[in-house]
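The values are calculated or read from the model by the stated rules, or taken from the named source; none is laboratory data. Just so it is clear, the model here is predicted, and its values are computed rather than measured. Cβ sites come from the backbone with ideal geometry, for glycine too, and all protein chains shown count toward neighbours.
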Amino acid sequence: MLESKKFSILIPCFNEGKSLVNLISQITPLQQDYDLEFILIENGSIDDSKDFFRGIEGIYKNIRIVFVDKNRGYGYGIQQGLKIARGDYIGWIHADLQVTTIELRKFFDYINGLDSENQLFVKGKRLNRSFFDLIFTFGQSVFNTILFGYKLQDIGAIPTIFTRTLVDDIEALPNDFSIELFLYLQAIRNNFSIKRIPVSLVERKMGSSSWNSGLKSKLKQSKRIFHDSLLIKKNKKVL
């Protein structure tokens, strides 16, 4: 095993039953090369995901499972994983693995290659996206840059990995996808060293997205993000 810092990677899973076998097969080889635990959050699914997770619970070394009784949002699931994370560096990826484990290795290698233990916030910078997706991302970036007064780009990009000291109050985190914006801002405001690493996306192999399924869903998600941004600006909890 490489001499490495300890990582905790959280993976919220909502109705990902068709993808879970592939997910496990993809992430476990990483544990041969890094000091790495995965925390899989069964985020209140209504498919057969719970049965799958109960069947593998305790089988895999350094794969821990958190069960959420009812889905309260992506960020809420992450909060439950954060409560048990043991790594010096904590982060997350999506269960659909559109950012592959090959890309994830770039993040581990970058952090392990640093001599110092400075406060660090590392986030992906998504490549090969459709023009359609770029328009929505650009609009969100411009809106939040103006709103908060910091240059913010590709806010929803993953992976996101950071020194665990960034999260000092788990309960204050947003319950939905605006958790990405919240922690991005926290890192800037607390003078964390911020690094963006380019990542190439691949097509989802199995299952379907619960939020990114066409123009209507994108408009709904964008409206929600703008609303949540205003709540964060007012220092209010996003539910």
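Just give me the residues in the range 120-135 being surrounded by fewer than 16 Cβ atoms within 10 Å (Cβ to Cβ) and either touching a Pro at 6+ places or on another chain (Cβ under 9 Å) or at negative phi (or both), in sequence order. Reasoning before the result, please.
Pass one, the range 120-135, residues surrounded by fewer than 16 Cβ atoms within 10 Å (Cβ to Cβ): 125, 127-135.
Those that are surrounded by fewer than 16 Cβ atoms within 10 Å (Cβ to Cβ) and either touching a Pro at 6+ places or on another chain (Cβ under 9 Å) or at negative phi (or both): Lys125, Leu127, Arg129, Ser130, Phe131, Phe132, Asp133, Leu134, Ile135.
I need the full set of residues from the range 50-83 which are surrounded by 15 or more Cβ atoms within 10 Å (Cβ to Cβ), in a helix (DSSP H, G or I) and among the small types (Gly, Ala, Ser), in order please.
Matches in the range 50-83: Gly75, Gly77, Gly81.
Return the residue satisfying two criteria in turn: it lies in the range 136-152 and is β-branched (Val, Ile, Thr) and surrounded by 13 or more Cβ atoms within 10 Å (Cβ to Cβ), and of such residues it is nearest to the chain's Cα centre (by Cα).
First, the residues of the range 136-152 that are β-branched (Val, Ile, Thr): 137, 142, 145-146.
Within this subset, residues satisfying the condition of being surrounded by 13 or more Cβ atoms within 10 Å (Cβ to Cβ) are 137, 145.
Values: Thr137: 16, Thr145: 21 Å.
Only one residue fits best here, namely Thr137.
Please work out if Val199 is within 25 Å of Leu36 (Cα to Cα) and touching a Gly at 6+ places or on another chain (Cβ under 9 Å).
On the way: within 25 Å of Leu36 (Cα to Cα): yes; touching a Gly at 6+ places or on another chain (Cβ under 9 Å): yes.
Yes: the conditions hold for Val199.
Given the conditions (1) modelled with pLDDT under 90; (2) out of contact with any helix residue (DSSP H, G or I) (no Cβ under 7 Å at 6 or more places or on another chain), which single one is not true for Trp211?
(2)
Within the range 49-63, restricting attention to residues that are under 24 Å from Asp33 (Cβ atoms) and either in contact with a Phe, Trp or Tyr (Cβ under 7 Å, 6 or more places away or on another chain) or of a type outside the set (D, E, K, R) (or both), which residue is modelled with the lowest pLDDT? Lay out the reasoning, then the answer.
Within the range 49-63, the first condition is being under 24 Å from Asp33 (Cβ atoms), and the residues that meet it are 56, 58-63.
After this cut, where a residue has to be either in contact with a Phe, Trp or Tyr (Cβ under 7 Å, 6 or more places away or on another chain) or of a type outside the set (D, E, K, R) (or both) as well, the list is 56, 58-60, 62-63.
Numbers: Ile56: 95, Gly58: 90, Ile59: 93, Tyr60: 93, Asn62: 94, Ile63: 97.
Looking at the filtered set, the residue picked out is Gly58.
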